[in-house]
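What follows is a short report on a single structure.
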Amino acid sequence: MEYFLSEEQKIIKKLAKRISDEYVSKVAIKYDKEGIFPRDILDLLAYTELTGVYIPKEYGGFGGGVMEMCLVVEELSRNCAGVAVSYAATALGVYPIILYGKEEQKRKYLPKIAKGELIAAFALTEADAGSDVSSIKTTAEKKGDYYILNGSKHWITNGGEADVYVVFAVTDKSKGPRGISAFIVERGYEGFYCGKKEDKMGIRASSTTELIFEDCKVHKENLLGREGTGFIIAMKTFDRTRPGVAAMAVGIAQGAYEHAVRYAKERVQFGQPLSSFQAIQHMLADMYINIEAARAMLYSTCRMIDSGAKDFSKESSACKVFASDVAMKVTTDAVQMLGGNGYVKDYPVEKMMRDAKVTQIFEGANQIQRNIIASEIIKEY
Ligand SMILES: Cc1cc2nc3c(=O)[nH]c(=O)nc-3n(C[C@H](O)[C@H](O)[C@H](O)COP(=O)(O)OP(=O)(O)OC[C@H]3O[C@@H](n4cnc5c(N)ncnc54)[C@H](O)[C@@H]3O)c2cc1C
């Protein structure tokens, strides 16, 4: 399908596709099996300047937006969503700085992130605060010029690998969600440690860890926005990064579909290739229809966000839900189409099915997205 991307967007997509096909595809199975963080691929993305595509020009980036970020994520995900999420998690950590950072904070971090010299992470979730993020317990107590952080974070992508973490903590317990603030915490700050690394079902090349704060001193200069605006910062960030999860889902589904088509044309049963059986043809047709519908919704949402529209929570959540459900369906069908070969690690589709699952869970599980969409619909009419 023709999506009328700009010439620059086409170049970004083509470059990301080339890196994905020539480099990511070669390491995907090994990195998944051994849980290897794709530092080499991130370095390559930095070398080709794809790390800065969504960062404003005045801070050393290309000056693109959510669309450019999603095009890179989509292409990387065609071969390995674990690599893609390691790239996308920096965007999740950086958008709060782009949106709410003070000038000095932007000048300090964004140019280095654009160049790929620093990678970032976003730390909101806690063991007892997943879907219900407003119940986080990590505290930030103001003492003189510093905030003292205590508590722990769970499930943090790029944990242990990132240099810069945007961390959410309670500065005033009596105010509920309005008592949450966001801070920039650098690797190496005293009292900041990385905890357990998770042994995940999928996206195994990415690092997901606990973070621990024990009397961690963070200077007041590292407060993002104003005290008490942390919840809004998190929600406004998700509005811009949930399409990134949708892009991951579209990429995974596209990768699985391409493998399935090639396999169906090669594999012979009953004296004919699988692709000659109508039941298989219909599965391929449904894969195509669903992937293009998800991609169309994703790109429209990106265009809406990048146009400067004010409110797009509903669209952002909807494309995340739709694309992630498509990825789960398409990868499951791809495994089915490969039969026994779909179920073993010699072929990449079993990995894609494992990778797809998390797109229905993280950045707010799909049930929570449906709650957001419904509440926006009810407000509208
Ligand atoms: C691999 C991975 C990477 C992650 N990376 C990050 C990261 O970088 N930073 C970060 O801050 N977090 C991260 N997360 C956390 C992620 O956002 C949460 O896992 C997610 O929001 C769900 O929270 P939970 O796991 O605690 O599930 P729970 O909140 O315990 O929910 C369990 C189930 O119940 C459902 N449920 C809960 N409440 C409701 C409700 N009100 N109505 C209907 N259903 C409901 C959920 O949809 C879900 O299906 C990551 C998670 C994973 C798995």
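Build a GNM of the chain with springs between Cα atoms under 10 Å apart, and of Leu99, Leu149, Leu42 the one that fluctuates most is Leu99.
From the alpha carbon centroid of the stretch 307-381 to that of the stretch 162-183 is 28 Å. Here the chain is assigned +1 on the Cβ of each Lys and Arg and -1 on the Cβ of each Asp and Glu. Its dipole about the Cα centre then comes out at about 140 debye. Each Lys and Arg Cβ is given +1 and each Asp and Glu Cβ -1; about its Cα centre, the stretch 1-117 then shows a dipole of about 200 debye.
From the Cα gyration tensor of the stretch 126-173, with a ≥ b ≥ c the square roots of its eigenvalues, which class applies: rounded if a/c is under 1.5, or else prolate if a/b is larger than b/c, or else oblate?
Oblate, since a/c reaches 1.5 and b/c is not below a/b.
With r defined as the distance between the Cβ atoms of Asp215 and Ile36 and R0 fixed at 41 Å, what FRET efficiency is calculated, to the nearest 0.05? Efficiency, from the Cβ-Cβ distance: 0.75. Compared with the dominant principal axis of the Cα atoms in the chain, helix 7-19 is inclined by about 80°. Between Asp21 and Arg262, the contour length at 0.36 nm per residue exceeds the alpha carbon distance by 85.2 nm.
Between Glu292 and Thr48, 0.36 nm times their residue separation minus their Cα-Cα distance comes to what?
Numbers: separation 244, 0.36 × 244 = 87.84 nm, distance 2.79 nm.
Result for the pair: 85.1 nm of gain on full extension.
For the chain, the gyration tensor built on C-alpha atoms gives a prolate shape. Its axis ratio a/c (a ≥ b ≥ c) is at least 1.5, and a/b is the larger of a/b and b/c. Solvent-accessible area assigned to carbon and sulfur over the stretch 35-124 amounts to 54 percent, based on a 1.4 Å probe.
The angle between the Cα long axis of helix 25-34 and the main principal axis of the chain comes to about 60°, on a 0 to 90 degree scale. Under conditions of 37 °C and 0.692 mPa s, the stretch 248-381 yields 206 µm² s⁻¹ as its translational diffusion coefficient, taking Rh as the Kirkwood radius over Cα pairs in the Stokes-Einstein equation. 3J(HN,Hα) along the stretch 209-224: 9, 7, 10, 10, 10, 10, 6, 7, 8, 10, 5, 4, 4, 8, 5, 8 Hz, from the Karplus curve 6.51 cos²θ - 1.76 cosθ + 1.60 with θ = phi - 60°, whole Hz, x for Gly and Pro. If you wrap the Cα atoms of the stretch 1-49 in a convex hull and average its projected area over all directions, you get 4.2 nm². Apolar share of the accessible surface for the stretch 319-381: 63 percent from carbon plus sulfur atoms, 1.4 Å probe.
In the chain, the longest principal axis of the Cα atoms and the axis of helix 349-359 are about 30 degrees apart.
Candidate cross-link partners of Lys26 among the lysines, defined by an alpha-carbon separation under 17 Å and a same-chain spacing of 8 or more, comprise Lys17, Lys345, Lys351. Distance from the Cα centroid of the stretch 26-40 to that of the stretch 107-142 is 25 Å (rounded to whole angstrom). Rounded to the nearest Hz, the phi-derived 3J(HN,Hα) couplings of the stretch 195-200 under the Karplus curve 6.51 cos²θ - 1.76 cosθ + 1.60 (θ = phi - 60°) are x, 4, 8, 6, 9, 8, where x marks glycine and proline. Here the relative contact order of the chain, from alpha carbon pairs under 8 Å that lie six or more residues apart, stands at 17 percent.
Explain nothing, just the number: dipole magnitude of the stretch 292-340 about its Cα centre with +1 on each Lys and Arg Cβ and -1 on each Asp and Glu Cβ, in debye rounded to the nearest 20.
Values: 6 positive and 6 negative charges, 19 e Å.
Value, rounded to 20: 100 debye.
For the peptides 359-367, 14-22, residues were scored by their other Cβ atoms within 10 Å and the scores averaged per peptide; the highest-first order is 359-367, 14-22. Based on DSSP H segments of at least four residues, each scored -39500 (n - 2.57), the chain has a per-residue ellipticity at 222 nm of -17000 deg cm²/dmol.
Rounded, prolate or oblate: pick one for the stretch 105-243, where a ≥ b ≥ c are the square roots of the eigenvalues of its C-alpha gyration tensor, a/c under 1.5 means rounded, and failing that, prolate if a/b is larger than b/c, else oblate. Rounded is the answer for the stretch 105-243, as its axis ratio a/c remains below 1.5.
In Å², and per residue, what accessible area does the chain have when probed at 1.4 Å with the other protein chains present?
It amounts to 45 Å² per residue over the chain.
Packing, as the average of other Cβ atoms within 10 Å across residues, places the peptides 255-262, 305-312, 171-178, 64-71 in the order 64-71, 255-262, 171-178, 305-312, highest first.
Considering only alpha-carbon pairs that sit under 8 angstrom and 6 or more positions apart, the relative contact order computed for the stretch 1-124 is 29 percent.
The values are calculated or read from the model by the stated rules, or taken from the named source; none is laboratory data. As the structure is a computational prediction, the values presented were derived from the model and not from experiment. When we count neighbours, we look across all protein chains shown, and the Cβ atoms used for this are built from the backbone with ideal geometry, even at glycine. What goes into the accessible areas is simple: the full protein's heavy atoms, side chains included, and nothing from ligands, DNA or RNA. Shrake-Rupley method; radii C 1.70, N 1.55, O 1.52, S 1.80 Å.
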